[in-house]
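Peer 1: Got a structure for you, questions after.
The values are calculated or read from the model by the stated rules, or taken from the named source; none is laboratory data. What you are looking at is a predicted structure, and each value in this text was computed from that prediction instead of being measured. Cβ placement follows ideal geometry from the backbone for every residue including glycine, while neighbour counts extend to all protein chains displayed.
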Amino acid sequence: DAFVFEAPLENLEVVASLTQGVMCDAVQEYFPMLQPKADINIDQPDCWNKDGHADSVDRWLEDPTYSC
C-alpha cells in the first residue's frame, strides 16, 4: 500500500514521521504479532515512489525487463 500526502517542505520530516507511525499502527492493530515497517521517501519529495525514480513507469513501459 502507499500513502501520498502533501505538506509544506518545512514540515515534511514531521509529517512523514507521523504518517509512518500511523501506517505501522494501523497494521499492528489488526495483526499485533507483526512488527511492520514503512519506507518513507523524503529525499525527493516531488516523486511519488519510495525509491525516488519518477520515471520508473515510463522506463518499464519502454522495456518491461527494466528493474528499478
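Peer 1: Output the qualifying pairs, or none if there are none: Cβ atoms under 7 angstrom, residues six or more apart or on different chains, first residue in region 5-29 and loosely packed, with under 14 Cβ neighbours inside 10 Å, second residue not in a helix (DSSP H, G or I).
Peer 2: Within 7 Å, the pairs are L9/P45; E13/I42; Q28/L34; Q28/P36.
Peer 1: Among the residues of region 24-56, which ones are part of a helix (DSSP H, G or I) and modelled with pLDDT under 90?
Peer 2: Scanning region 24-56 gives a single hit, S56.
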